[in-house]
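What follows is a single structure, written as structure tokens, with notes after it.
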């Protein structure tokens, strides 16, 4: 389907905080499978596309691999969104949530060390 509305790639890059090159790369590897084209052939990002980019960006920030995101995008594209597909999506997100929670615990432990050092510095004289 060709559309005339939506954001250009430059506008989408600015709104998402991603570079145009990253947006093109994401399209090339199948992470933005739904972006439509204007009659000119230029990409036009819809509000749904922008929400998808928020999801992808957040998953990347939290350490989800490109491969896992590609698998998730493949599942989203499926037209037979039956129980098996939903279960696989859920399993991917649950595994990632566990990984993020583990990383948060690690970071909290590291932060405790920093806080301890700050307390020691604040109590030292001269």
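The values are calculated or read from the model by the stated rules, or taken from the named source; none is laboratory data. Nothing here was measured: the structure is a model prediction, and the numbers come from that model. Glycine gets a Cβ as well: all are built from the backbone with ideal geometry, and neighbour counts include every protein chain shown.
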Item to check | Residue check, residue 46 surrounded by 15 or more Cβ atoms within 10 Å (Cβ to Cβ) and within 14 Å of the chain's Cα centre (by Cα) | outcome: no
Checklist outcome for this item: Going through (1) within 24 Å of the chain's Cα centre (by Cα); (2) at pLDDT 95 or above; (3) exposed (fewer than 10 other Cβ atoms within 10 Å of the Cβ) one by one, residue 80 fails only at (2)
Checklist entry - Which residue out of 30, 41 is within 15 Å of the chain's Cα centre (by Cα), surrounded by fewer than 16 Cβ atoms within 10 Å (Cβ to Cβ) and either without any contact (Cβ under 8 Å) to a residue 60 or more places away in the chain or in a helix (DSSP H, G or I) (or both)? => result 30
Next on the checklist: So residue 60 passes all but one of these: (1) surrounded by 15 or more Cβ atoms within 10 Å (Cβ to Cβ); (2) assigned to a helix (DSSP H, G or I); (3) touching a residue at least 12 places away in the same chain (Cβ under 8 Å). Which condition number does it fail?
Outcome noted: (3)
Next on the checklist: Given the options 89, 61, name the one that is closer than 30 Å to residue 5 by Cβ, touching a helix residue (DSSP H, G or I) at 6+ places or on another chain (Cβ under 9 Å) and modelled with pLDDT of 95 or more.
Outcome noted: 89
Next on the checklist: Which residue is nearest to residue 97 (Cα to Cα), if the candidates are limited to the range 4-22 and must be at pLDDT below 95 and exposed (fewer than 14 other Cβ atoms within 10 Å of the Cβ)?
Outcome noted: 5
Next on the checklist: Out of 25, 72, I need the residue that is part of a helix (DSSP H, G or I), surrounded by fewer than 16 Cβ atoms within 10 Å (Cβ to Cβ) and under 18 Å from the mean Cα position of the chain (by Cα). Which one?
Outcome noted: 25
